[in-house]
Structure formats: structure tokens, C-alpha cells
Amino acid sequence: MSKAPYDSFNLGDHVGDDEAAVEANRGRLAAGIGLTPDRLVWMEQVHGRTVATVDGPRGEPLEATDAVVTKQGGLGLVVLTADCVPVLLGDEQAGVVGAVHAGRVGARVGVVVEALKAMMALGADLERIEVLLGPAVCGECYEVPVEMQRDVEKHLPGSASKSRKGTPALDLRAGLWNQLASAGVGKIGVDPRCTFEEKDLFSHRRQAPTGRLASVIWVDA
């Protein structure tokens, strides 16, 4: 059990939390979804667009990786976030799943598109892929400089928004939804929760240092 400011269920091992507490939390996560801790696949997230394809457990986090895909049953693909967008993708018929860390930089450079390509290489079909965009900072809370907003909007159309103060902002989930729909993905769900507003969710923008949420997807073994 992690203590403040990471309380109580921090899953990130790189944010200054006690290592034993993080390990215990990860064990609780695995047990809660019916897997053993060694079947969870973690990433060393760096805000890039590198995608890893895995076919078995990994003893260490995938180095410099922001998306992971598999068709191996019983592997939990984990993405950690605290304002960035966790993207979970699955083609049930093909038995292919993916997990993506889509922050501003990664979303801008197309990490989700690269994950779709990797899934199709494993036999997934765009028309069958279902996507969930998880909790993230919303477009009314993600205030950015106007130059940054324009740059991201250029590469990720639909992401430009206004904050509650009327200043330039970004809605990455809106941009990603538009990108996925344009790519041919027809089933896109959005968890509407804003990490900045929801006090029971970790938010780096609201309070740093802080913990990390985990979003997990897997194929039943």
C-alpha cells in the first residue's frame, strides 16, 4: 500500500514511491485480473512511437517503448498514465490486443497508428478492432501555449480545444478518436473521466510527484 503522495494504488516504479509498495500493488493488480505478476508486460515509456510485439513474458520493462501488441494468451499488456491517454485495442476474432501510451508527443507522432499497423501484422482487421480511450486530462483542463496547440492540431486534427478560461488547450482523446475513425476503426469507446478533475485518479498536472494509473488488456489463455 503506497503512502502519500502516491496513495494508495500506485503502479509506477519510476516516480519515487517505495519499491516494496509498488511491487505489492502490482501483485494486487495481477491477482485482481486473474494473472500472475510475471504475466504482466510493462513498458519503459518515453513518449515515442516505438511498438513492441511480444509472444511471452518479459523479465524487465520493454526498453524505450510506448506501445505493445500480442496474440499470446494470458499476457497482460500494461500502460501507465497520469494525464496521458491510455489506449487499449483488441480484435477479438483474431485474438490480437494492444496497449498504447499516448501522451502529447506520442499522439502527435502517430504512436496509435503504428500500433494499428503492428496489430494488423499479427492478423487483426481494422474493421474488427475495438478501442477504448481511457481516463486522461480533458480538453478544458489541458492548457498549452498557442504554438504548441497549432503544432499538435496540424499533426493530430481535432485535438485543438479551449480551456475553461478560454485559452488554447488540447483534447488528445478527441484528436485520437478522429485519427482512429479516419483510419477505419469503427468501434471507439471513451472513458470520459478527467484525471485532473477526478481527485481519486493520479494527475501529474494537478500534483507532482504523483503515482501512475495502470490500464491493462489481455487475451484469455
Putting +1 on Lys and Arg Cβ atoms and -1 on Asp and Glu Cβ atoms, find which of 132, 41, 61 reaches farthest to the positive end of the dipole of the stretch 1-133.
132
Using a cut-off of 12 Å between beta-carbons, work out the net charge of the residues near residue 152 (Lys and Arg +1, Asp and Glu -1, residue 152 not included).
0
Provide the percentage of antiparallel DSSP beta bridges, counting only those with both residues in the stretch 19-217; round to the nearest 5.
70
Once you order the gyration tensor axes a ≥ b ≥ c over the Cα atoms, which shape class does the chain get: rounded for a/c under 1.5, otherwise prolate or oblate by comparing a/b with b/c?
oblate
I need the Kirkwood Rh of the stretch 1-114: take the reciprocal of the average 1/r across all distinct C-alpha pairs and report it in angstrom.
14.6
With 10 Å bins from 0: P(r) over the stretch 92-221, alpha-carbon pairs, percent
12, 40, 33, 13, 1
Per principal axis, largest first, the Cα atoms of the stretch 141-209 extend in Å by 37, 29, 21
When the chain is modelled as a GNM with alpha-carbon springs shorter than 10 Å, which of 135, 168, 145 fluctuates the most?
145
At R0 = 25 Å the Cβ-Cβ FRET efficiency linking residue 207 and residue 181, nearest 0.05, sits at 0.15
Under 10 Å, Cα contacts only: if you run a Gaussian network model on the chain, which one of 149, 179, 207 comes out with the highest mean-square fluctuation?
207
Any residue on another chain or 5+ positions along whose placed amide H is under 5 Å from the amide H of residue 53 is listed here as 69
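All of the numbers you see were taken from the coordinates with simple rules; none came from a lab. As the structure is a computational prediction, the values presented were derived from the model and not from experiment. Cβ atoms come from the backbone with ideal geometry, glycine included; neighbour counts cover every protein chain shown.
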